[in-house]
Structure formats: C-alpha cells, structure tokens
Amino acid sequence: MSEKEKLLNPNPGVCVPWEVKLEEFENFPGNEEIVKKEWEKLDDFAYNFIWFWAQR
C-alpha cells in the first residue's frame, strides 16, 4: 500500500491524519508539535462524536 493510500484510509480512531492536515499549510508558522497535539485531540473528539451518533 502506497503512502497516499494510507493517508486516504486512516487508522481507526482518526478522521483526518495530521500529515494530511499539515499538507494544507505551505510554511508552518510556530511550534508544530503543539499544534499537532491539539489537532489530534480535536480529531479524536470528532471521531468519537461521530461514532456515538452512528451507534444510536
């Protein structure tokens, strides 16, 4: 499986991987690790929210 296919089919528990989101920025201003940590928390919340409502 190519790297592009892995990004299009993320691991369970992930809606949009950080690597995909990072591609949207040309030059990332600031500390990437802080933003990555917050993005992963937000993405986890979104995944769980969708999962909760899909199971109802």
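The values are calculated or read from the model by the stated rules, or taken from the named source; none is laboratory data. Note that the coordinates shown come from a computational prediction; the quantities given were computed from them, not determined experimentally. Neighbour counts are summed over all protein chains in view; Cβ atoms, including those assigned to glycine, are modelled from backbone coordinates with ideal geometry.
Some notes on this structure:
- Qualifying positions in the stretch 29-52 - out of contact with any helix residue (DSSP H, G or I) (no Cβ under 8 Å at 6 or more places or on another chain), free of Cβ contacts under 8 Å to residues at least 12 places away in the same chain and either exposed (fewer than 10 other Cβ atoms within 10 Å of the Cβ) or among the charged types (D, E, K, R) (or both): Pro29, Gly30, Asn31, Glu33, Ile34, Lys37, Glu38, Lys41, Phe52
- Residues of the stretch 1-34 that are modelled with pLDDT of 95 or more and of a type in the set (A, V, I, L, M): Ile34 alone.
- Check on Glu26, part of a helix (DSSP H, G or I) and surrounded by fewer than 11 Cβ atoms within 10 Å (Cβ to Cβ): no
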